[in-house]
Amino acid sequence: MIKKISTEKHLVKKRAQHTFTGDERLNHDLHIQQIELETQNDALRATNEQLKKSLAKYSDLYDFAPVGYITSNRDGLILETNITFTTQLDTERAQLINTQLRVYTSPEDCDRLQAHLEQVFTANARQSCELLLETRHGRKFYAQLDSIPATSNDGAELCRTSVTDISVRRDIESELVKIHEELERRVEERTAELFVNERKFRVLSQEFQALLNAITDTLILFSPEMKVLWTNSENAGQLHETEPDEAAQYCYQLIHDRPSHALDSPIKRCFKTGEKEVAIATYHGAVLDLRAFPIKETNRVNSVLLLVSDITEKMAMQAEAMQAGHMASLGELASGVAHEINNPITGIINYGQILINECAQGSIERDIGERIVKEGDRIGRIVRTLLSYARDGREEKIPISVAAILEESIILTQAQIRKEGINLQIHLPDDLPVIHANLQQIQQSFINIINNARYALNEKYPGRHENKCLSITGEKMTVGSTCPSVRIVFHDHGGGIAAQEMPMVTKQFFSTKPFGKGTGLGLHITDKIIKDHGGQLSFESNTGQFTKVIIVFPACCRENGGEQ
């Protein structure tokens, strides 16, 4: 188009070289002006098209910029915004236009925003601040506002602001601050701990050195070449021949007599095997205990520590103790007899007291007298039971119910149970089979178990307590045979029995009670009595919670007289 117009202008100029009349000249000039106007219009249209394209391009850059852009007046009234800012506030552009920016700030940041805008126009330069903005749905985020002053076409003051979401940066900075503070705290704690540990180590080292020097036994540290690296004496020269201590003299000879190193000593064996080695040596009538301990580094024995102890007196005391043990066994047996006799004596005293308190004419005196005779007879039976402990004698057994035996046992212990505040619960079914047993022996076993339960409960609960309970239950069961069995469980909520002590509770002279409070015969005799009746005695316990003593008796079968 421009080329065509230029060509026409060229033709017009050529024609201008000719001579025209007045009207022709006027028409010619008008034609020239018309051509020039068309040329200018075409140029304006081309420029307008280019401007539109540029405006569309920059409009997209403005709307979809990675940060929000807003234009506001001095009071913070939003006049224009891009799409990014509307996305940040989760709203529409139409809802933002002609609204105050402070509407979207937190209450505590309103004053800060106003001060920021005033500073922009006062300083007439770029200003920055950080605010907490809130969307219409209540989501809050930190934003950095960078504002510059501007002027509209009509001369009004404007503020152009970019809004950058810095929530992630703030979170990272906050987390870094926390990590830094935590690292500083740990460094301070570790430094203080190292300082304390250093002091403790120094004190411990001094105490350890004093302890080693105070040990009466001799300690010697040997190198693989059998050189003395250290002793718990001030120097090896103190271990000389004139020392009255036989162990010290032996160590002196061991250190200075080189040929003795070639012998098969525990030191040599310890270097060879890398394990603890022990030996017994005699020296001038003294018995010495030699113990060699390896000191390793990366599975290699670097040195051996030898402990030399004079056990001559200890060996002599053990020999004397073995001789005295026989006498001690007799004493403990006598103590056990006195312990077992105590229960029937208590019954005799109780019935005698009843006889005194309730003395009256009539048949009741005869009944009480019979009970006294019965308890006296029980004393004789217990003594005979202890005598049969060695010769394994057999007593007369008759069919009898467990309930009857238990009733006799409770009569003798109920006064103490009531006094100690123990809650006694008995659950025996009426159809419980009878057993073939010696009443006095089973009664003795029951009393032993009840007294052990009383002791455990009183130790755990010195006074009255709702859990101070002993329950006795019975049930009929079958154990690998056609004949039924009777299972009796004594369940107390005392201190229990330790797992390592469980296998030992029925051993003779073993007791979990303190010295002087138990002979260690009660459960041993109980176990022997129950086994003699063909029964089984077992235990279940949880330390600090409960103990169950379980007894299983075979019931009377028809072929043995019939089940009762």
Legend entry - Filter result (within 22 Å of Arg139 (Cβ to Cβ), open to solvent by 40 Å² or more (accessible area, probe 1.4 Å) and over 58 Å from the mean Cα position of the chain (by Cα)) within region 61-92: none
Legend entry - Elements of type strands (runs of 3 or more DSSP E) in region 155-232, at least 2 residues being under 30 Å from Phe141 (Cα atoms), open to solvent by 60 Å² or more (accessible area, probe 1.4 Å) and out of contact with any Asp or Glu (no Cβ under 8 Å at 6 or more places or on another chain): 157-165
Legend entry - Matching residues in region 412-465 - criterion: being open to solvent by 60 Å² or more (accessible area, probe 1.4 Å) and hydrophobic (A, V, I, L, M, F, W, C): Ile426
Legend entry - Filtered residue count, region 80-112, keeping only those that are aliphatic (A, V, I, L, M), closer than 12 Å to Ile70 by Cβ and either without any contact (Cβ under 8 Å) to a residue 40 or more places away in the chain or outside any loop (DSSP other than H, G, I, E, B) (or both): 4
Legend entry - Complete set of residues in region 120-144 that are surrounded by 14 or more Cβ atoms within 10 Å (Cβ to Cβ) and part of a helix (DSSP H, G or I): Val120, Phe121
Inset, instruction - Would you check if there is a residue in region 486-508 being buried (at least 17 other Cβ atoms within 10 Å of the Cβ), without any contact (Cβ under 8 Å) to a residue 40 or more places away in the chain and of a type in the set (Ser, Thr, Tyr)? - result: yes
Inset, instruction - Scan region 268-280 and give yes if some residue there is modelled with pLDDT of 85 or more and touching a Gly at 6+ places or on another chain (Cβ under 7 Å), otherwise no. - result: no
Legend entry - Answer residue from region 296-312, given it is touching a residue at least 60 places away in the same chain (Cβ under 8 Å) and within 14 Å of Glu275 (Cα to Cα) and is surrounded by the most Cβ atoms within 10 Å (Cβ to Cβ) among those: Val304
Inset, instruction - Could you check how many residues of region 62-71 are under 26 Å from Ala123 (Cα atoms) and touching a helix residue (DSSP H, G or I) at 6+ places or on another chain (Cβ under 6 Å)? - result: 2
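For Asn82, are the conditions met, namely being within 12 Å of Thr161 (Cβ to Cβ), in contact with a helix residue (DSSP H, G or I) (Cβ under 6 Å, 6 or more places away or on another chain) and of a type outside the set (Lys, Arg)?
When the stated conditions are applied, Asn82 passes them.
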Inset, instruction - Taking Gly516 as meeting all but one of (1) modelled with pLDDT of 90 or more; (2) more than 18 Å from Glu540 (Cα to Cα), write down the number of the exception. - result: (1)
Legend entry - Some residue of region 17-27 being at pLDDT below 75 and among the aliphatic types (A, V, I, L, M): yes
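The values are calculated or read from the model by the stated rules, or taken from the named source; none is laboratory data. Since the model is a prediction, treat every value here as computed from it, not as a measurement. Every residue, glycine as well, gets a Cβ built from its backbone with ideal geometry; the counts of neighbours run over all protein chains shown. Only protein heavy atoms, including side chains, enter the accessible area calculation; ligands, DNA and RNA are left aside. Shrake-Rupley method; radii C 1.70, N 1.55, O 1.52, S 1.80 Å.
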